[in-house]
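**Q** Sharing a structure with you now.
The values are calculated or read from the model by the stated rules, or taken from the named source; none is laboratory data. Keep in mind that this is a model prediction, so the values were computed, not measured. Here the Cβ is made from the backbone with ideal geometry for all residues, glycine too, and neighbour counts use every protein chain on show. Note: areas computed on protein heavy atoms with side chains; ligands, DNA, RNA excluded. Shrake-Rupley method; radii C 1.70, N 1.55, O 1.52, S 1.80 Å.
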Amino acid sequence: MAARSIASLTISFGMVSIPVKLYSATEASRAISFNLLHKGCGSRLKQQYFCVKEEVPVARDDMVKGYEFAKEQYVMFSPEELKAMEEAGTHSAEITEFVPLKTVDPVYFDKAYYLGPDKGGAKPYALLARALRDSGRCALGRWAARGKQYIVMIRPVEDLVEGLVMQQLLYAGEVRSIREVDIPKTEVKPAELKLAQQLIEQQASDKFDPGAYTDEVRARIEAAVQKKVEGQEITMAEQPETGAQVIDLMEALRASLEKKPAKKAEPAKPAARKAAKK
């Protein structure tokens, strides 16, 4: 089934403009969600907001947004004031610079979109994808949507066809520094390092295969939901107790090397859901 575009925009750098279509690269619908129900009758619950001062429920029409500038002191904003501060949406992403792809830490990666050439954009699209791939660089620029302004990175991806991915990036203020983590300086002995490198080589693969990994928790929840729909009881297996085990590092490395790595499991096929029995 062909992907359906969610928007159209223009990628521009210098005097070159590339009309492209935007496609979601991920599926949020894959997440399993539960609803809150009344334990007594099983009916779905509705959320209510209460005023902590007057202790009365507040209707949505009587709500406004406010910013807490001091302890329990707020300034209120009307919907019109908030709307006026939003960034006007644009149908273009202007490239401001090109940087080596390896210099962008993945910790800054946010939502990703696939880009496909729109009408008349096939040639410049292919040119940009090839130029980025051959140079080892990515393009950085800005894009405005949904009232916000985003930093975006356009990078090449090769999967049978040469394509482009537009990756939203987090701002510097949204990413904490690893310097905030307490990491003591520790001596690494050459013998330990050599064994660790051998262990890495023993379990190394030429490339990342996402299909080799499956969401076991999701599969477990889906199976439990199906059993509930069919009226079966669910028994939960007891988790074995695990405690901190102090072992010699060198012995652990040697034992790991002697143990053959387990084969990667094949991706599990989702079971077809049966209709609920009436």
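**Q** Give the residue, chosen from L127, L140, that is open to solvent by 50 Å² or more (accessible area, probe 1.4 Å), out of contact with any helix residue (DSSP H, G or I) (no Cβ under 8 Å at 6 or more places or on another chain), of a type outside the set (V, I, T) and within 24 Å of G14 (Cβ to Cβ).
**A** The unique qualifying residue is L127.
**Q** Return a yes/no flag: does region 18-32 have any residue that is under 26 Å from P156 (Cβ atoms), aliphatic (A, V, I, L, M), open to solvent by 60 Å² or more (accessible area, probe 1.4 Å) and part of a helix (DSSP H, G or I).
**A** yes
**Q** Can you name every residue in region 5-17 that is outside any strand (DSSP E or B) and farther than 30 Å from D215 by Cβ?
**A** Residues satisfying the conditions are G14, M15.
**Q** Looking at region 99-112, which of its residues are in contact with a Leu (Cβ under 9 Å, 6 or more places away or on another chain) and in a helix (DSSP H, G or I)?
**A** L101, V107, Y108
Listed here are the residues, each with its yes/no results for (1) touching a residue at least 12 places away in the same chain (Cβ under 8 Å); (2) of a type outside the set (D, E); (3) touching an Asp or Glu at 6+ places or on another chain (Cβ under 7 Å); (4) on the phi < 0 side of the Ramachandran plot.
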site: D134; (1), (2), (3), (4): no, no, no, yes
site: R137; (1), (2), (3), (4): yes, yes, no, yes
site: W143; (1), (2), (3), (4): yes, yes, no, yes
site: E158; (1), (2), (3), (4): yes, no, no, yes
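**Q** Going by the structure shown, is A2 of a type in the set (A, V, I, L, M), without any contact (Cβ under 8 Å) to a residue 60 or more places away in the chain and part of a helix (DSSP H, G or I)?
**A** Considered against the rule, which asks whether it is of a type in the set (A, V, I, L, M), without any contact (Cβ under 8 Å) to a residue 60 or more places away in the chain and part of a helix (DSSP H, G or I), A2 comes out as no.
**Q** Residues F69, F34, F13, F77: which one is of a type in the set (F, W, Y) and touching a residue at least 60 places away in the same chain (Cβ under 8 Å)?
**A** One residue alone meets the criteria, F13.
**Q** Name every residue in region 189-214 that is open to solvent by 60 Å² or more (accessible area, probe 1.4 Å), within 17 Å of A252 (Cβ to Cβ) and touching a residue at least 40 places away in the same chain (Cβ under 8 Å), in order of residue number.
**A** Q198, Q202, Q203
**Q** May I ask you to list pairs of residues, at least six apart or on different chains, whose Cβ atoms are under 6 Å apart, with the first in region 111-124 being within 9 Å of S24 (Cα to Cα) and the second being of a type outside the set (D, E, K, R) and open to solvent by 30 Å² or more (accessible area, probe 1.4 Å)?
**A** A112/A25; Y113/A25; Y114/Y23; Y114/A25
**Q** Right, here's the next one. Give just the number: which of (1) of a type outside the set (D, E); (2) modelled with pLDDT under 90; (3) at negative phi does G66 not satisfy?
**A** (2)
**Q** Within region 37-71, count every residue that is under 34 Å from the mean Cα position of the chain (by Cα), of a type outside the set (A, V, I, L, M, F, W, C) and assigned to a strand (DSSP E or B).
**A** Selection size over region 37-71: 6.
**Q** Name the pairs whose Cβ atoms lie under 8 Å apart, with the first residue in region 161-184 and closer than 23 Å to L132 by Cβ, the second in a loop (DSSP other than H, G, I, E, B) and open to solvent by 30 Å² or more (accessible area, probe 1.4 Å), and 6 or more positions between them or separate chains?
**A** From residues that are closer than 23 Å to L132 by Cβ, the pairs are V165/A25.
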